[in-house]
1. Of everything in region 145-169, what is surrounded by fewer than 21 Cβ atoms within 10 Å (Cβ to Cβ) and farther than 26 Å from L66 by Cβ? Give them in sequence order.
2. How many of the residues in region 33-65 are in contact with an Asp or Glu (Cβ under 8 Å, 6 or more places away or on another chain) and either of a type in the set (K, R) or within 17 Å of E76 (Cβ to Cβ) (or both)?
3. Just give me the residues in region 61-71 being of a type outside the set (A, V, I, L, M, F, W, C) and surrounded by 18 or more Cβ atoms within 10 Å (Cβ to Cβ), in sequence order.
4. With the requirement that a residue be of a type in the set (K, R), under 23 Å from K3 (Cα atoms) and not in a helix (DSSP H, G or I), what does region 50-89 give you?
5. Given the criteria at pLDDT below 90, under 22 Å from K24 (Cβ atoms) and not acidic (D, E), does G62 qualify?
6. Of all residues being among the acidic types (D, E) and touching a residue at least 24 places away in the same chain (Cβ under 8 Å) in region 100-146, which is nearest to I189 (Cα to Cα)? Just the residue, please.
7. Could you tell me whether K115 is modelled with pLDDT under 90 and farther than 26 Å from K46 by Cβ?
8. Among T2, T51, which is under 19 Å from the mean Cα position of the chain (by Cα), modelled with pLDDT under 95 and surrounded by fewer than 19 Cβ atoms within 10 Å (Cβ to Cβ)?
Amino acid sequence: MTKALLEVKNLSKIFPSMTEYVLKGINLKIEKGDFVSVLGASGSGKSTLLTILGGMDTATEGEVLLDGVDITKLKEKELAKLRRTKIGFVFQFFNLAPYLTVEENIILPMILERKTQKEYAEKLKYYLDYLKLSDLAKKLPGKLSGGEQQRVAIARGLIYQPEIIFLDEPTGNLDSKTAIEIMELLQRINKEFNTTIMQVTHSETNASFGNKIIRIQDGNIIEEIVKDNDA
């Protein structure tokens, strides 16, 4: 039996200001190459789950094993390195640095890890070409459309070739046509690079792009659907 890339065991979360748990004993496994959609309404706990799995928030109880390492036990410095090197993020509001160019935004994780231009130049060129951003490389984010900005954010998430990419409502700021284009792009990246992806979304359409759909309600997983890989 192969070891899961990401395994969550009995994960619970309560905020100090609240009396009810936001997450209640969550258990799930994500295998290498999965595209997992966590589907739920606002307030269901899906975004809290993502921030904990991504090492941006702490759990009240439980374990989060990434490649067998319980990230809930790591110190902040170790978590910061993990977020730069083993985890990629793509957010609803893009989270691009406004005064950095497209290419500077993409290589930011490499720069923070003190990688040299020689170490990232080839990867940068590849992802600029793959994501059709080469002609925009010297532009600032403010000069780009929403879809272009999200492609930059995806390139930044991929540049370090992380173990897993987390998506937080990746099309929430886009029109419906661009949203479908971005989801098709993410699905292609998942299949062509065998990149493991986990998205949280309230959109049934977005969720359908995953090979696993996990429904969450009131902090509980209420359904898990594994789709036919050939579907």
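1. S145, G146, G147, E148
2. 2
3. Residues of region 61-71 of a type outside the set (A, V, I, L, M, F, W, C): 61-63, 67-68, 70.
Once the filter is applied, which keeps residues that are of a type outside the set (A, V, I, L, M, F, W, C) and surrounded by 18 or more Cβ atoms within 10 Å (Cβ to Cβ), region 61-71 yields only G62.
4. Scanning region 50-89 gives a single hit, K86.
5. Values: at pLDDT below 90: no; under 22 Å from K24 (Cβ atoms): yes; not acidic (D, E): yes.
Criteria not met by G62.
6. Of the residues in region 100-146, the ones among the acidic types (D, E) are 103-104, 113, 119, 122, 129, 135.
Narrowing further to those that are touching a residue at least 24 places away in the same chain (Cβ under 8 Å): 103, 113.
Numbers: E103: 19, E113: 24 Å.
It comes out as E103.
7. Values: modelled with pLDDT under 90: yes; farther than 26 Å from K46 by Cβ: yes.
It is true that K115 is modelled with pLDDT under 90 and farther than 26 Å from K46 by Cβ.
8. Numbers: T2 fails: under 19 Å from the mean Cα position of the chain (by Cα).
Of the residues listed, the single one that is under 19 Å from the mean Cα position of the chain (by Cα), modelled with pLDDT under 95 and surrounded by fewer than 19 Cβ atoms within 10 Å (Cβ to Cβ) is T51.
The values are calculated or read from the model by the stated rules, or taken from the named source; none is laboratory data. Quick caveat: nothing in here was measured; it's all calculated off a predicted structure. So basically every Cβ, Gly included, is an ideal-geometry build from the backbone, and we count neighbours across all protein chains shown.
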